[in-house]
Amino acid sequence: MNSRTAITALALLGSLSLPASAQSPEVFTTADLNLRAGPDPSFPVVTAIPAQQSVIFHGCLQGRSWCDVTFDGARGWAYGRYLAYQTTDVRAVIPEAPSTVEVPTVTYDTATYWDEYYQDRPFYAQRGQWLNTGPGPVDGAAAGAAAGGSVGGPVGAVVG
């Protein structure tokens, strides 16, 4: 056996011995999907991704509702319910991934993200409009409790 054949055989053997969890699952869209400049439908659309297209997957926010992906050179945020992964054993939408599939958790900061990826986009000039888009989790919980309390009393506050 020459050295080239031996190296090829070792590489093949090594790839077969990797556990399935060490291999990155393929992530793809399940429907036509807007890729947005932030994790909320109010952010500008960066591009549209057709159904059944593979994306480069970077991770999701806690709760897996929005995921950071790249499609055709454009980076942005896609709603997790319209992203699925495929491994040799499992195919499911991202938010329903079992604990055996590692879904990296990422964070989002509009100023940093936009400075990195969108300085050449027309909507960058209005980025101040999105710097504080949407309530944070604490503000959202407080607002929900207040609204629920005003409508349904103490039980409404808990539900809100």
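The values are calculated or read from the model by the stated rules, or taken from the named source; none is laboratory data. Please read these numbers as outputs of a predicted model, since none were measured by experiment. Neighbour counts are summed over all protein chains in view; Cβ atoms, including those assigned to glycine, are modelled from backbone coordinates with ideal geometry.
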For the range 140-150, check the following and say yes or no: at least one residue is surrounded by 15 or more Cβ atoms within 10 Å (Cβ to Cβ), modelled with pLDDT under 90 and not in a helix (DSSP H, G or I). no
List the residue pairs whose Cβ atoms are under 7 Å apart, where the first residue sits in the range 33-45 and is under 17 Å from residue 83 (Cα atoms), the second is surrounded by fewer than 16 Cβ atoms within 10 Å (Cβ to Cβ) and modelled with pLDDT under 95, and the two are 6 or more positions apart or on different chains. 37/123; 38/108; 38/133; 39/108; 40/133; 40/134
Does any residue in the range 78-100 that is over 17 Å from residue 58 (Cα atoms) come within less than 8 Å, Cβ to Cβ, of a residue that is among the hydrophobic types (A, V, I, L, M, F, W, C) and part of a helix (DSSP H, G or I) six or more places away or on a different chain, and which pairs are these? 88/20; 89/20
Looking at the range 114-126, I want the residues that are surrounded by 15 or more Cβ atoms within 10 Å (Cβ to Cβ) and have a partner that is part of a helix (DSSP H, G or I) with Cβ atoms under 6 Å, at least 6 apart or on another chain. Which pairs are those? 114/127; 118/124
Keeping to the range 46-62, report how many residues are out of contact with any Gly (no Cβ under 7 Å at 6 or more places or on another chain) and either in a loop (DSSP other than H, G, I, E, B) or surrounded by 18 or more Cβ atoms within 10 Å (Cβ to Cβ) (or both). 9
Does residue 43 satisfy being crowded, with 16+ Cβ neighbours inside 10 Å and farther than 21 Å from residue 28 by Cβ? yes
Select from the range 63-79 the residues that are under 8 Å from the mean Cα position of the chain (by Cα) and farther than 15 Å from residue 31 by Cβ and write down the one among them that is surrounded by the fewest Cβ atoms within 10 Å (Cβ to Cβ). 65
Consider residue 90 carefully, then state whether it is surrounded by 13 or more Cβ atoms within 10 Å (Cβ to Cβ) and either among the acidic types (Asp, Glu) or at pLDDT below 95 (or both). yes
